[in-house]
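Notes follow the structure.
The values are calculated or read from the model by the stated rules, or taken from the named source; none is laboratory data. For clarity, every value in this text was computed on a predicted model and none was experimentally measured. Neighbour counts run over all protein chains shown; Cβ positions are idealised from the backbone, glycine included. These accessible areas exclude ligands, DNA and RNA; they are computed on the full protein's heavy atoms, side chains included. Shrake-Rupley method; radii C 1.70, N 1.55, O 1.52, S 1.80 Å.
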Amino acid sequence: MDEVISRIERGLIRPGERLPSTRHAALAFAASKNTIVDAYDRLVAAGQIESRPGSGFYVSLNRTKGTQTPEPARIDAVDSVWLLREQLEKRYEVRVGDGRPPPAWMEGAEIGQLRPVSRPGQRTLPESYGSPYGLLALRERIAGFLTERSIAAAPAQVLLTQGANDALDMIVRQFVEPGDAVLVDSPGYYPLFGKLRLAKAQLIGVRRTVDGPDPDDLAAKAAASGAKIFFTQSLAQNPTGCSITLPVAYRVLRTASELNLRIVESDPFVDVLANATPRLAALDQLDRVTYVGTFAKTLSASLRSGYIAGNTDVIGQLADLKMITRANSSGYVEQIIFDLITSGRYRGHLKRLTGRIEEATRQAFDTLQQIGLPVFGQPRGGFYMWCGLPEHINDTQLSRIAAEQSILLAPGSAFNPDGSSSPPAMRVNIAHVGDPRFRDFIAEHCA
C-alpha cells in the first residue's frame, strides 16, 4: 500500500486512472488477494482512491492533499482566543506561555499507551449511553477522594463531565443569564471569561492577592453589583500559581453567606496537592460552593474527563442540562480512568508528576531570578508562575514580537477580565522557562 501511495503522490498514477484489479495487484506485489483487498479498503478510507462498483478502483479525483501548518509569523491579534488557539495548534517552538506541561510528563510511555484493564466477567465498553450522571463506579471512587479532602459527598452528588471546561460551560448555562453581573478572579482563567462573554454576562474582576481573592474587594464588588455568583480557583491558581489561605477562605465564605453568593471553585491540580490544603468546598461542605475537578490537567488533556460536586439540587439540575445539551459524557473514557485508578497506575503516575512539578518549580524560580523577572508570591503545586514586567513594557506588544520568533508568551492582559495590561505581566509555564531562547529574548527586550 505504501508503494501505491508513493506512486500516487509522485504523479505516476494520475487522478481518475484505474488501478489494477485485486487479482493483478496480488500478482504484481507478490501478496495475497486478501492483503490487496485490505490495502485498497484503507486507501479508500484515506481518500486516496475511490471504488466504482462493477468497474474497479480509481485514483480519486478529489483526493486529500497534504497541507502545511501555517507559519505563525503574522499576528493580527493577541487575546484570549488567540492564546487558546495557539496552545491547541502548537505552532510555536518555545512554549513558555503554554497552559500544559510537556507531553513527556503526561502522554509518554506512562500514559499514552494505556487501555482499559480487562478483567474476567467485567465489561470495559459501555453497552449504552448509561446514566447522565456518568459511570457509577468512577463517581463512587471520586466521592471517596472527596472524603479524603474533607468534602462529604455521596456518588449522587457527583456529575461526570468532559473536563473542567465542559463543567464550567454547564454551570454558566445553568446559572448565568444575559446581563448578569458575574464575579471572577483578576487575573483569572481566560477560557472562563470567553464562556461568560458568550453568555452576555457582565464580568467583574476581583483582585487576586498572593493569599487568594481579596476579601474586601469581593465584598465591595458583590454588594455594589448585585452579583450572585463568583468563579474562583483556590489552589495553584491559573495564572498566578498561588493558593488561598485559611483566614482568607473563611472571609470569602462569610461574604458569600451575607450576600447570598454562589461560589464555583475550580481545583484542577487537586490530585497533586495535599489533601489537607484549605478548600472552600471543605469548609462549606457543598452548601454554597459548587466544586469542579478534572483529570485532564494531571492525567492527559486527551482524556477529556472531569466532574462537578455539589448539593443534590444543583447536581440534579446540571444532570438534566447535560442530558439535553450533551446526551452524556464518554463512558469509555470514564472506564479507562476508573481502571487506571483501581490498578494503582494513576497513583504511580501522580507520584512521578509531583516530583517533576517540584523540580521544575525550583528551576523556574532560579531561572526567573537570574533574568530579573519578579515572581508573584510563592506558587507551588501547579504549572504556573505570574511574572511582572518592566513598567515601560506593553505585554501584548511583547507577545507579538515573541510570536514572530516562534516564542509563545501568555500576556497578562489575556488574564484580566477587562483586557487591561497594567501593570504589565505574563504567565509562564514552569516546564518551559529554562529554554535559552526565552532567556535571550527577555534579556534583549526587557532590560
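Can you confirm whether the range 241-250 contains a residue that is modelled with pLDDT of 95 or more, open to solvent by 30 Å² or more (accessible area, probe 1.4 Å) and within 20 Å of V375 (Cα to Cα)?
yes
Within the range 180-187, does at least one residue satisfy the condition of being over 28 Å from P247 (Cα atoms), open to solvent by less than 60 Å² (accessible area, probe 1.4 Å), assigned to a loop (DSSP other than H, G, I, E, B) and not charged (D, E, K, R)?
Looking only at the range 180-187, we keep the residues that are over 28 Å from P247 (Cα atoms), and these are 180.
Narrowing the set further to residues that are open to solvent by less than 60 Å² (accessible area, probe 1.4 Å) leaves 180.
Now narrow it down to the ones that are assigned to a loop (DSSP other than H, G, I, E, B): 180.
From what's left, not charged (D, E, K, R): none.
Looking for residues that are over 28 Å from P247 (Cα atoms), open to solvent by less than 60 Å² (accessible area, probe 1.4 Å), assigned to a loop (DSSP other than H, G, I, E, B) and not charged (D, E, K, R), one finds none in the range 180-187, hence no.
Going by the structure shown, is R362 over 21 Å from A153 (Cα atoms) and free of Cβ contacts under 8 Å to residues at least 40 places away in the same chain?
Working: over 21 Å from A153 (Cα atoms): yes; free of Cβ contacts under 8 Å to residues at least 40 places away in the same chain: yes.
In short, yes.
Just give me the residues in the range 208-221 being touching a strand residue (DSSP E or B) at 6+ places or on another chain (Cβ under 6 Å) and not hydrophobic (A, V, I, L, M, F, W, C), in sequence order. Before you say what the answer is, go through the steps one by one.
We begin by selecting, within the range 208-221, every residue touching a strand residue (DSSP E or B) at 6+ places or on another chain (Cβ under 6 Å); these are 208, 213-214, 217-218, 221.
The answer is R208, P213, D214, D217, K221.
Which residue is modelled with the highest pLDDT, if the candidates are limited to the range 356-376 and must be in a loop (DSSP other than H, G, I, E, B) and surrounded by 14 or more Cβ atoms within 10 Å (Cβ to Cβ)? Let's see the steps before the verdict.
Step one: list which residues in the range 356-376 are in a loop (DSSP other than H, G, I, E, B), which gives 372-374, 376.
Then drop every residue that is not surrounded by 14 or more Cβ atoms within 10 Å (Cβ to Cβ), which leaves 373, 376.
Working: L373: 93, F376: 96.
Residue satisfying both the conditions and the ranking: F376.
Closer than 22 Å to G306 by Cβ, open to solvent by less than 80 Å² (accessible area, probe 1.4 Å), at pLDDT 80 or above and of a type outside the set (A, V, I, L, M, F, W, C) - does that describe any residue in the range 122-130?
no
Within the range 399-429, can you find the residues that are open to solvent by 10 Å² or more (accessible area, probe 1.4 Å) and closer than 14 Å to L373 by Cβ?
P423, P424
Table: residues versus (1) out of contact with any Cys (no Cβ under 7 Å at 6 or more places or on another chain); (2) free of Cβ contacts under 8 Å to residues at least 40 places away in the same chain; (3) buried (at least 22 other Cβ atoms within 10 Å of the Cβ); (4) at negative phi.
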residue	(1), (2), (3), (4)
P213	yes, yes, yes, yes
A223	yes, yes, no, yes
L235	yes, no, yes, yes
Q285	yes, no, no, no
